[in-house]
Amino acid sequence: MERVVQFTGPRQVEVAEHERAPLPPGHLRVRTRYSGISAGTELTAYRGTNPYLTRTWDPEARLFREGAAGIEYPVAGWGYSEVGEVTEVSPELAGTAGLPAPGDMVWGIWGHRSEGIVPAERMIGHVLPAGLEPLAGAFARVGAIAYNAVLASDIHVGEDVAVFGQGVIGLLTTRLAQLNGARVTAVDALDSRLTTARAYGAATTLNARTDAVAERIREATDGRGADVAIEISGVYPALHEALRSVTVGGRVVASGFYQGDGAGLRLGDEFHHNRVQLICSQIGGVPPQLAGRWSVERLQQTFLALIADGFVDVKSLVSHTVRAEEAADAYTLLDERPADALQVVLEF
C-alpha cells in the first residue's frame, strides 16, 4: 500500500492509503526517505487561503480566472522537497545515459507520499552528490528559491542587503547573500530566528516588532538605506517595510507568497517617492537577464553542491523529524507555534 498525506479541508490532515500503481513506461519508482514541509506554500492550502482553491490559473493567458477552483479538497500529496531511493526503472529505459539506477538516492518533487512515480526525464542529474546525507536532498528546492531571490537581487560585493523573514528560506537567503559579498541585516519578529540568522552570516539583526527597522537600516548606512531588500516572509507589512528600507532607486525583491489583499502595503509612500524597483522572484523561472546561463535545474544542483562543499549548513535547520503518520501534528506545530519550529521533515 502507498501512504499519502492529504488535506481534507482547512486545517484537516489525514494519511490515506492507496493500492500501489503499476509503473508506466518512461517512469521511475522512488521509495521516499524524507519529505520537507513548506511552511509557506503548503500552509496556504492547509489554511484554505491558496488562490487555486477559489480560482483557476490559465497557463496560456497567464491569468487567474474567476468562477471555478483550480484545486479542491482533498488536496493530496502536496510537498516539493522529497528525497528517496530508486526501487524500479521502467525496462525500456535500461542504459539511458544519466538516468538513476535502482539503489541510487535521488532528490526531486513527488509530494508527501511513501513512494513516487516520476517521469524519467525529470530525474536525470538528480542523484544525490557523493558523501551528502540523504536529509540534505530535501533542501534542493527551498535552497533554489533562496538562490533565485539572490540572483534577482543583483548583489555586488560590499553592498548592504536587508532580508525580511528568517524562516528556513530566509535563513538560506541570508547565508547566500553573505556568500555573495553582502553585509546582511536580517529582520524577523522572532528573536530565536534572529539568533540563528547571526550564525548564518547576518552582520546585524532587527526585530520587526520592537525595532524601527527602516530607520535603523538608514542610520547604519549613513542615511542612504539598503542597496537591496529581499522580502521572503510573504507578509504585506514586511514588504512595505522593505520598500521603506532601501535607498533611492534601490531594489526590493519580493519572493514571498502573498495571500489576499495587500493590507499594510502603501505604494504611494516611499515606493513612489524613492523610485524603488520592485522585482518578483518566483521559482517557476530564473531572472530573465540570466535565462541564457541559469535554469531552475542549475539552481537546485548548484545549491546541493554548496552544501556538499561545506559552504551552506542545512542540517542544523531541521528542528523536527516527524513520522509521516503524525503529519497532522506537524502542520499544527507550523501553523500555531511557528516560534518552536524551523524545517519540519516527514520521515517515511
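The values are calculated or read from the model by the stated rules, or taken from the named source; none is laboratory data. As the structure is a prediction and not an experimental result, all values here were calculated from the model. As a convention, Cβ positions derive from the backbone with ideal geometry for all residues, glycine included, and neighbour counts pool all protein chains shown. For the accessible areas, the whole protein counts, side chains as well, though only heavy atoms, and no ligand, DNA or RNA atoms are used. Shrake-Rupley method; radii C 1.70, N 1.55, O 1.52, S 1.80 Å.
Read through the list (1) open to solvent by 40 Å² or more (accessible area, probe 1.4 Å); (2) at pLDDT 95 or above; (3) in a loop (DSSP other than H, G, I, E, B), then give the number of the only condition that TRP110 fails.
Result: TRP110 passes all but (1).
Determine, yes or no, whether ARG216 is assigned to a helix (DSSP H, G or I), of a type outside the set (Asp, Glu) and open to solvent by 60 Å² or more (accessible area, probe 1.4 Å).
Here the answer is yes, as ARG216 does meet what is asked.
Those residues that are in contact with a helix residue (DSSP H, G or I) (Cβ under 9 Å, 6 or more places away or on another chain) and farther than 22 Å from GLY234 by Cβ, I need them from segment 251-296; list them, please.
The answer is ASN274, LEU290, TRP294.
Do we have ALA97 as more than 27 Å from GLY143 (Cα to Cα) and out of contact with any Pro (no Cβ under 6 Å at 6 or more places or on another chain) here?
The answer is no for ALA97.
Scan the strands (runs of 3 or more DSSP E) fully inside segment 116-213 and keep the ones with 1 or more residues being of a type in the set (Lys, Arg) and open to solvent by 10 Å² or more (accessible area, probe 1.4 Å).
Output list reads 183-188.
Consider segment 309-348. How many of its residues are within 17 Å of GLY40 (Cβ to Cβ), in a helix (DSSP H, G or I) and of a type in the set (S, T, N, Q)?
1
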